[in-house]
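The values are calculated or read from the model by the stated rules, or taken from the named source; none is laboratory data. All figures in this text were calculated on a predicted structure; none of them were measured in a lab. No Cβ is skipped: glycine too gets one built from the backbone with ideal geometry, and neighbour counts run over all protein chains shown.
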Amino acid sequence: MKTFTATPADIDRKWYVVDATDMILGRMATEVARVLRGKHKPTYTPHMDMGDHVIIVNADKIKLTGKKMEQKTYFRHSGYVGSWRLIPVKEVLTKHPGRVVEQAVRGMLPKGALGRQMYKKLHVYSSPDHKHGAQQPQPLKIG
């Protein structure tokens, strides 16, 4: 029996929508990364982008467990000497709510060209509205 290897003709992409209201950030991000990668499909092939599109709405209503809201920080560096900054997650959530979710999911995807291709299928919105109604997204059950 020959081993099945998926080809680009075998890829069937679907659209899913996730409501992030009162969801825990890490638990949601792992499931979203799994769908973006395509690991939920029986035809999963590690060296190909087999995943589906995921729309996350209400990203500003995400929850963090423990003391992460006060203690978690994001590191930024421009490349110049002494220009590094630590930005608390509370500040990022108020200014750019979708960025917290994007960074959590991006960190769980493969590094390199394949991971960047998978990341392009993630669409994050801080409001309950999105512009992908024509794709008829189905709700993704998490947890």
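Could you tell me which of the residues Lys61, Lys131, Lys68 is surrounded by 10 or more Cβ atoms within 10 Å (Cβ to Cβ), out of contact with any helix residue (DSSP H, G or I) (no Cβ under 8 Å at 6 or more places or on another chain) and within 19 Å of Thr21 (Cα to Cα)?
Values: Lys131 fails: surrounded by 10 or more Cβ atoms within 10 Å (Cβ to Cβ); Lys68 fails: out of contact with any helix residue (DSSP H, G or I) (no Cβ under 8 Å at 6 or more places or on another chain).
None of the other options fit; the residue is Lys61.
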| request: Just give me the residues in the range 11-22 being over 19 Å from Tyr119 (Cβ atoms), out of contact with any helix residue (DSSP H, G or I) (no Cβ under 8 Å at 6 or more places or on another chain) and assigned to a loop (DSSP other than H, G, I, E, B), in sequence order. | output: Asp12
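Going residue by residue through the range 24-45, is there one that turns out to be among the aromatic types (Phe, Trp, Tyr) and either buried (at least 17 other Cβ atoms within 10 Å of the Cβ) or not in a loop (DSSP other than H, G, I, E, B) (or both)?
Applying the first criterion (among the aromatic types (Phe, Trp, Tyr)) to the range 24-45 yields 44.
Now restrict to residues that are either buried (at least 17 other Cβ atoms within 10 Å of the Cβ) or not in a loop (DSSP other than H, G, I, E, B) (or both): none.
Looking through the range 24-45, none of the residues is among the aromatic types (Phe, Trp, Tyr) and either buried (at least 17 other Cβ atoms within 10 Å of the Cβ) or not in a loop (DSSP other than H, G, I, E, B) (or both).
Just to verify a result, which residue in the range 91-116, among those that are of a type in the set (A, V, I, L, M) and in a helix (DSSP H, G or I), is nearest to His53 (Cα to Cα)?
Val105
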| Out of all the residues in the range 41-56, which are touching a Lys or Arg at 6+ places or on another chain (Cβ under 7 Å) and either modelled with pLDDT of 95 or more or of a type in the set (S, T, N, Q) (or both)? | Gly51, Asp52, His53, Val54
